[in-house]
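For reference, the structure is listed below as structure tokens.
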Amino acid sequence: MADEQTPAAAQKQLLLQKIYVKDLSFESPKAPGVFTTSVSPQTQLNIRSSTQELGPNIHEVTLTMTVEAKDKEALLEAGDAIDQACESCHFTYWYPKK
């Protein structure tokens, strides 16, 4: 009984007509050196979807996926380097000259 479908539900179909990659980006700023280390990065996966009607019974469905891998130690080291660069610039251009 639960498997029985109404006539209207039985007639609806989803047909994938085209699958394509609209935009793709991959960044690995420390490659290839990152592949020679035994880092266990913190990873995060975000998935988002949206739809747009293109015509009668035609829809574009966009699936956006973002994967981030972060190395906490490298992030702290980068923060130190950025701080040193900022201080150097401040001493040169910002702080009043004595």
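Here are a few things to note about the model shown:
- Residues that are of a type in the set (Asp, Glu) and either surrounded by 10 or more Cβ atoms within 10 Å (Cβ to Cβ) or not in a strand (DSSP E or B) (or both) within the stretch 52-86 comprise 60, 68, 71, 73, 77, 80, 83, listed in sequence order.
- Residue check for residue 33: surrounded by 10 or more Cβ atoms within 10 Å (Cβ to Cβ) and either under 30 Å from residue 11 (Cβ atoms) or not hydrophobic (A, V, I, L, M, F, W, C) (or both): no
- Of all residues in the stretch 48-70, those that are closer than 14 Å to residue 17 by Cβ and under 23 Å from the mean Cα position of the chain (by Cα) total 2.
- Within the stretch 56-74, the residues that satisfy the criterion of being farther than 29 Å from residue 34 by Cα and touching a strand residue (DSSP E or B) at 6+ places or on another chain (Cβ under 8 Å) are 59, 60, 61, 62.
Only the coordinates and a few stated rules stand behind these numbers; no lab work does. Bear in mind the structure is a predicted one, so any value in this text is a computation, not a measurement. So basically every Cβ, Gly included, is an ideal-geometry build from the backbone, and we count neighbours across all protein chains shown.
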